Amino acid sequence: MQEENKTAANGCGKIRTGAQNGAALLALMEKTGYSMVQQNGQRKFGGPPPGWEGPPPPRGCEVFVGKIPRDMYEDELVPVFERAGKIYELRLMMEFSGKFIGVCVSLDNCRLFIGAIPKDKKKEEILNEMKKVTEGVVDVIVYPNATDKTKNRGFAFVEYESHRAAAMARRRLIPGTFQPWGHTIQVDWADPEKVVDEETMQRVKVLYVRNLMMSTTEDKIKAEFNKFKPGVVERVKKLRDYAFVHFFHREDAVAAMSVMNGKCIDGASIEVTLAKPVNKESSWKQHFNGQISPSSENLLGFPSKEDGTQKSLGKPASLSVRLNGQHSPGSPEVERSTYPFFPGIKLTPISMYSLKLNHFSSAVMHLDYFCHKNSWAPPEYCLYSTTSQDGKILLVYRVLISSISDDSQSYFMPEKLCTTVEDAKELAAQFTLLHL
């Protein structure tokens, strides 16, 4: 009876009681034949619908809809969404009352980012450790340290057989509840690998080469890839321990990938894949929330429109738009509006490291957050200056990144100078993030 006394305003501004809500939902179930159950803080409508035969729809068939008013229910939502096609399943949670809804493809993510892993652990050790405490582990991806190939980079990506398995594992691996090798690990959703359509990939004639030695030169890489067929390589662009090898013809790029993948160059076993093209709205622009200007892209060594390629990094999600943790789907840009401060609003002290990176709009803040999440020392900026021919003071920062766990240090400095301290620091942070 208490439920009957509750009221709610529907999307048309009318008030209806809890009993009316219940009656509307029952009428919807009777009309459609769908079932409705409530579990894990959400209400599920359908899944599968009546008369459904065969497996559930494949990955990519689900969309996320955000900012639904709290007073809207399935009886109003289902007719709206049915205009697009037959609904297999609708899962409803109430949030963000009073705003326009947002719709994007739902991320069926099956990969977790695991940070703060001891750098002496091998892939097999990490794989076995993850299998001990989580179910559905398919693979572990571990990247060698750029300067010492016998060590890992302090993080790994764990691939699971399904999104549900990954979600359950993420809950199980919350820091403090599981400490492999006596270490408190960091757990987050990995940034889903960018999907490029097959037609576009069929035109790619650039290879992405990973796991190179820091000392290996572009000339050495070009010579090695020209060995199987002289003169096929147009040019090579090397950045830290990876490179892009550009070919004159696609067929030569594909052949070279098959021949060179797994080969040793200067003692390092390299990995070779087709580079993934960059669209006009580069993921790196989203990565820095639109803060990179067109001129900065070229300064930082971003692939040009002629190149049309960049590597798929598989960065921790919170770095890319982690800088994408279990980020709110479809929110690549920071909401930078201001809101009125009313008397009586309660303010709670928080650490900036408890926020998601989509709350930050500068690369300087991204870099500070990234270092903290990887248990590194805060980035150190050292300012240098010179004078241009017309007498202007030009500035550049050199950034020092130090690992607390093994005392290793890396320096990063862009090849361009700026006229203001703020621009110089932002450019140095962007350059550092790009090369980490």
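Sequence-distant contacts, meaning Cα pairs under 8 Å at least 6 residues apart, place the relative contact order of the stretch 361-434 at 31 percent. Once all protein chains are placed together, ILE401 keeps about 10 Å² accessible to a 1.4 angstrom probe.
Relative contact order for the stretch 18-93: 41 percent, from Cα pairs under 8 Å spaced at least 6 residues apart, divided by residue count. Under 8 Å for C-alpha pairs, at least 6 residues apart: give me the relative contact order for the stretch 187-264, rounded to a whole percent. Result for the stretch 187-264 is 33 percent. Residue-normalised convex hull volume from the C-alpha trace of the stretch 361-434: 78 Å³ per residue. Ranking SER375, SER362 by solvent-accessible area of protein heavy atoms (1.4 Å probe, all protein chains present), from largest to smallest, gives SER375, SER362.
At the listed q of 0.14, 0.20 Å⁻¹, the Debye profile of the stretch 198-274, built from one uniform point per Cα, gives log10 I(q)/I(0) equal to -0.37, -0.77.
Once you reduce the stretch 125-153 and the stretch 203-259 to the center of their Cα atoms, the two points are 27 Å from each other. For the residue pairs LYS392/LYS425; LYS238/LYS416; LYS276/LYS373; LYS123/LYS263, the alpha carbons lie more than 25 Å apart in LYS276/LYS373.
Solvent-accessible area per residue in the stretch 198-274 equals 50 Å², computed with a 1.4 angstrom probe and all protein chains kept. Approximating the spin labels as points 7 Å out from Cα along Cα→Cβ, the HIS249-to-GLU415 distance works out to 3.0 nm. Solvent exposure of VAL204, expressed as accessible area, is near 10 Å², computed with a probe of 1.4 Å over the protein chains only.
Only protein heavy atoms count here; under a 1.4 Å probe, TYR369 has an accessible surface of about 10 Å². When GLU74, GLU30 are compared by accessible surface with a 1.4 Å probe, the order from highest to lowest is GLU30, GLU74.
Legend: residues LYS373, LYS132, LYS123, LYS392, sorted from most to least accessible area (1.4 Å probe; ligands, DNA and RNA excluded), read LYS132, LYS392, LYS123, LYS373.
Rounded to 0.05, the FRET efficiency of the ALA19 and THR150 pair, given R0 = 56 Å and the Cβ-Cβ distance, is 0.25.
The values are calculated or read from the model by the stated rules, or taken from the named source; none is laboratory data. All figures in this text were calculated on a predicted structure; none of them were measured in a lab. For neighbour counting, all protein chains shown are included, and Cβ atoms are generated from backbone atoms with ideal geometry for every residue, glycine included. Just the protein is used for accessible areas: all its heavy atoms, side chains included, with ligands, DNA and RNA removed. Shrake-Rupley method; radii C 1.70, N 1.55, O 1.52, S 1.80 Å.
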